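To start, the structure itself, in structure tokens.
Laboratory data are not the source of any read-out in this text; all were calculated from the coordinates shown. Predicted model only: the values in this text are computed from it and were never measured. Reconstructed Cβ throughout: ideal geometry from the backbone, glycine too, with neighbour counts over all protein chains shown.
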Amino acid sequence: MVENIDLREVLKGYSNKWVALSTDSSRVVGVADNPKEALEQARMSKEQSPILTKAPQNYGTFIL
Amino acid sequence: MSPNLKYDYRKFPAEPSDAFPRRFSASRPVIPISIIRGELRVRYLAIIDSGADLCIFHAEIGELVGLAVESGKLLRFNGISGQQLAAYFHDIKIEVGGYEFDCCAGFSRDISNLPYGLLGQLGFFNLFNVLFDYNKGKIELKSKNNA
């Protein structure tokens with residue numbers, strides 16, 4: 001289990017994109033307008049188990 | 001299988017505001033899960049959201065596991081400001097920490113401003129006891145299935 005997962009720097013600069021993170025969430029291994037392309041980039045970089053997330057236009061405060 | 005799973009909170013960027021001028025990050029109980037349909041499987045971040053009635057994921061994630069999203073059963077639901085949103089429900093499997101379970105989950109094109117999917121009461125909290133420790137940044141999940 002990864003300790004203290006800090007995505008602040010990792011996700012910087014990907015506003016409104018789908019992002020594929022490395023298995024340990026320490027780096028971006030794919031980024032695109034849709035998750036399919038982000039995943040393809042991740043697989044081309046030999047990432048075994050990428051994790052998808054959507055970087056929103058801005059990271060405001062969420063009340064869900 | 002009766003897993004006892006431990007996760008760390010994830011720290012996301014946040015914009016300072018008049019109310020919280022020094023708040024540059026937000027720690028949230030977001031965990032990696034897999035959405036599974038047949039042989040297709042996609043890893044994806046989801047927030048453990050006790051305020052959500054159901055599990056709702058981005059429609060694009062459903063399409064990655066081969067769903068024709070709009071062929072599912074429609075549910076109109078309300079966002080926090082009262083706006084009506086739509087989700088289409090499908091039977092899938094979810095994997096959390098190596099533990100797979102069936103879930104009737106909604107897939108929506110109306111949550112595109114969210115960074116992650118929602119793990120809600122039915123489909124997640126009915127299967128796990130969840131312990132949040134915000135100050136320590138820890139989440140503990142214990143399956144209610146003692147089999």
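Highest first, please rank the peptides A:50-59, A:9-18, B:53-62 by the mean number of other Cβ atoms sitting within 10 Å of their residues. Mind showing how you got there, number by number?
Values: A:50-59: 21.0, A:9-18: 15.9, B:53-62: 23.5.
Listed from highest to lowest mean packing, they are B:53-62, A:50-59, A:9-18.
Residue-wise, which Karplus ³J(HN,Hα) couplings in Hz belong to the stretch B:14-21, taking 6.51 cos²θ - 1.76 cosθ + 1.60, θ = phi - 60°, and x for glycine or proline?
In residue order, the calculated couplings are 9, 8, x, 9, 4, 6, 9, x Hz.
For B:LYS73, go through the lysines and keep the ones whose alpha-carbon is under 21 Å away, minus same-chain ones fewer than eight residues off.
Within reach: B:LYS93.
Cross-link candidates for A:LYS17: which aspartates and glutamates have Cα within less than 12 Å, leaving aside residues fewer than 8 places away along the same chain?
Cα-Cα hits under 12 Å: A:ASP33, A:GLU37.
Under 8 Å for C-alpha pairs, at least 6 residues apart: give me the relative contact order for chain B, rounded to a whole percent. Display every interim value, and only then the final one.
Numbers: 318 pairs, mean separation 44.1, N = 147.
Reported relative contact order: 30 percent.
Please work out the Kirkwood hydrodynamic radius for the protein assembly as shown, using every pair of different C-alpha atoms, and report it in angstroms with one decimal place.
Details: mean 1/r = 0.0573 Å⁻¹.
The answer is 17.5 Å.
Could you check the simple spin-label distance between B:LYS73 and B:ARG41, using points 7 Å along Cα→Cβ, in nm with one decimal?
In this crude label model, B:LYS73 to B:ARG41 measures out at 2.7 nm.
Of all alpha-carbon pairs in the stretch B:1-68, indicate the percentage at a distance above 16 angstrom. Please report the intermediate quantities before stating the final value.
On the way: 1455 of 2278 pairs.
Above the 16 Å cut-off, the stretch B:1-68 has 64 percent of its Cα pairs.
Report the relative contact order of the stretch B:1-63, percent, no decimals, based on alpha-carbon pairs under 8 angstrom and at least 6 residues apart.
On the way: 66 pairs, mean separation 14.2, N = 63.
Result for the stretch B:1-63 is 23 percent.
Averaged over peptide B:7-17, how many Cβ atoms belonging to another chain are found within 10 Å of each residue's Cβ? If you can, show how the numbers build up before the last one.
Numbers: counts 3, 6, 3, 8, 7, 11, 12, 6, 4, 0, 2.
The per-residue average across the peptide is 6.
Other chains' Cβ within 10 Å of B:76-88 residues: what's the mean? Don't jump to the answer; show the numbers that get you there.
Details: counts 0, 0, 0, 1, 3, 1, 0, 0, 0, 0, 0, 0, 0.
Across B:76-88, the average partner-chain Cβ count within 10 Å equals 0.
Between A:SER49 and A:ARG27, what is the spin-label point distance in nm, taking each point 7 Å from the Cα along the Cα→C-beta axis?
Distance between label points: 1.9 nm.
Taking the convex hull of the Cα atoms, report for chain B its projected area averaged over all directions, in nm².
Values: hull surface 37.9 nm².
For chain B, the mean projected area of the Cα convex hull comes to 9.5 nm².
Sorted by mean Cβ packing within 10 Å, highest first, what order do the peptides B:17-29, A:34-46, B:113-125 take?
Numbers: B:17-29: 12.7, A:34-46: 16.7, B:113-125: 21.5.
Taking the mean over residues of other Cβ atoms within 10 Å, the ranking is B:113-125, A:34-46, B:17-29.
Tell me which lysines have Cα within less than 16 Å of B:LYS136's Cα, excluding those fewer than 8 residues away on the same chain?
B:LYS6, B:LYS11
What value, in deg cm²/dmol to 500, does the helix sum -39500 (n - 2.57) over DSSP H runs of n ≥ 4 give at 222 nm once divided by the residues of the protein assembly as shown?
-2000 deg cm²/dmol
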